[in-house]
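Heads up: the structure comes next, in structure tokens.
The values are calculated or read from the model by the stated rules, or taken from the named source; none is laboratory data. Values in this document were obtained by computation on a predicted structure and should not be read as measured data. As a convention, Cβ positions derive from the backbone with ideal geometry for all residues, glycine included, and neighbour counts pool all protein chains shown. What goes into the accessible areas is simple: the full protein's heavy atoms, side chains included, and nothing from ligands, DNA or RNA. Shrake-Rupley method; radii C 1.70, N 1.55, O 1.52, S 1.80 Å.
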Amino acid sequence: MWIEVVGAMPEGDVTRRVGPELDLSRPSDARIYDLMLGGKNNFEVDRQVFAELLKVGPEIPQLAAENRRWIAAAIGRMAAGGVSQFLDLGCGLPAERNLHDEVLAVAPSAKTVYVDNDVTAIAHGQALLADYRRTFFAAADILDPAMVLEHPTVVDALDRDRPVGLIFGLTLHTLPGTDQLRQLLADYLAPFPSGSFVAITHPMNPNDGSRLADAATSIEAKFREYFPRLRFRTLEELTESLADLEVLAPGITDLAHWWPADEQNLSPTGAARLILGALARKP
């Protein structure tokens, strides 16, 4: 069964057939991420899964917060690099401070397009953005670049002749292989000129027999009980996926060490090293 969602799009209200009805028996990764950030847009099934995740990864909420902090910094650097239009791919649910708030703080005339196909994210996102003129929402599957790029909202909101900032904040961990990730990034960047950016964070498992690898394996295994397609990647895999792009300093590194020493939020267990971040530019 499907629901009809009325979206606030640049050309006016358009009703689209966007996805399945809300199933309260299944957890949602968007709602669980909302829980990690202290949000309230979740259900009992999500809270049960979140409680199980905390048993193996008690610092998961800190990782979510660090992810948001990194994305805000990446937006600032992209704006400084000449980007004034952003595509947030897999935006999830609205938070206390949203991505378009970060964008408008550094580029008041910039546009932001949110994309997600989670039914809860669609409902909340479109309601939040009803009164905004420079921020839009497209209901689409981010793993299908053609669907996203051909969506009427995306077509109308983004100028293909100007650089774009693509944001993938912990949203590409269901792609099965490195080649698929590399191709997906190429497909998204293809319509846009040199000077476009990709900001990406991704869960990491070094797979080197270390304590960090053991912790990553435990957390990944627990996530996969509920989201079987999820997979962590190694530094080498993400490096290969970004081989066609110019990776900016400090390179592809974990979020704990991406920051200058005096701005690092290092946890006692080193859990912040479980997320890799990279900001890369299309040559």
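Just one of (1) over 23 Å from residue 193 (Cβ atoms); (2) surrounded by fewer than 22 Cβ atoms within 10 Å (Cβ to Cβ); (3) among the β-branched types (Val, Ile, Thr) trips up residue 122, so point out which.
Answer for residue 122: the failing condition is (2).
Being free of Cβ contacts under 8 Å to residues at least 60 places away in the same chain, part of a helix (DSSP H, G or I), open to solvent by 60 Å² or more (accessible area, probe 1.4 Å) and out of contact with any Ser or Thr (no Cβ under 8 Å at 6 or more places or on another chain) is the requirement here; does residue 146 meet it?
Here the answer is no, as residue 146 does not meet what is asked.
Condition (residue is surrounded by 15 or more Cβ atoms within 10 Å (Cβ to Cβ), under 17 Å from residue 203 (Cβ atoms) and of a type in the set (Lys, Arg)) applied to the stretch 25-43: is it met by at least one residue?
There is no residue in the stretch 25-43 that is surrounded by 15 or more Cβ atoms within 10 Å (Cβ to Cβ), under 17 Å from residue 203 (Cβ atoms) and of a type in the set (Lys, Arg).
Would you confirm whether any residue within the stretch 186-197 is open to solvent by 20 Å² or more (accessible area, probe 1.4 Å), part of a helix (DSSP H, G or I) and over 19 Å from residue 56 (Cβ atoms)?
yes
Which fully enclosed helices (runs of 4 or more DSSP H) of the stretch 22-107 have 2 or more residues being in contact with a strand residue (DSSP E or B) (Cβ under 8 Å, 6 or more places away or on another chain)?
Because the criterion is at least 2 residues that are in contact with a strand residue (DSSP E or B) (Cβ under 8 Å, 6 or more places away or on another chain), the helices (runs of 4 or more DSSP H) in the stretch 22-107 that meet it are 60-80, 99-106.
Do you know which residues across the stretch 150-177 are outside any loop (DSSP other than H, G, I, E, B) and open to solvent by 20 Å² or more (accessible area, probe 1.4 Å)?
152, 155, 156
For residues that are modelled with pLDDT of 90 or more and touching a Pro at 6+ places or on another chain (Cβ under 7 Å), scanning just the stretch 246-283, find the one that is most open to solvent (accessible area, probe 1.4 Å).
246
Are any residues in the stretch 82-98 within 27 Å of residue 144 (Cα to Cα) and either modelled with pLDDT under 90 or touching a Lys or Arg at 6+ places or on another chain (Cβ under 9 Å) (or both), and if so, which ones?
Of everything in the stretch 82-98, those that are within 27 Å of residue 144 (Cα to Cα) and either modelled with pLDDT under 90 or touching a Lys or Arg at 6+ places or on another chain (Cβ under 9 Å) (or both) turn out to be 82, 83, 84, 85, 86, 92, 93, 94, 95, 98.
So which pairs qualify, if the first residue must be in the stretch 227-252 and farther than 30 Å from residue 45 by Cα, the second must be in a helix (DSSP H, G or I) and open to solvent by less than 50 Å² (accessible area, probe 1.4 Å), the Cβ gap must be under 7 Å, and the two must be at least 6 apart or on different chains?
237/178; 240/178; 241/178; 241/181; 241/185; 244/186; 250/258; 252/238
Just give me the residues in the stretch 198-222 being of a type outside the set (A, V, I, L, M) and open to solvent by less than 20 Å² (accessible area, probe 1.4 Å), in sequence order.
201, 202, 203, 205
Return the pairs, sorted by first residue and then second, in which the second residue is part of a helix (DSSP H, G or I) and acidic (Asp, Glu), the first residue lies in the stretch 47-58 and is under 12 Å from residue 33 (Cα atoms), the beta carbons are less than 9 Å apart, and the residues are 6+ apart or on different chains.
Listed by first residue and then by second, the contacts come to 49/225.
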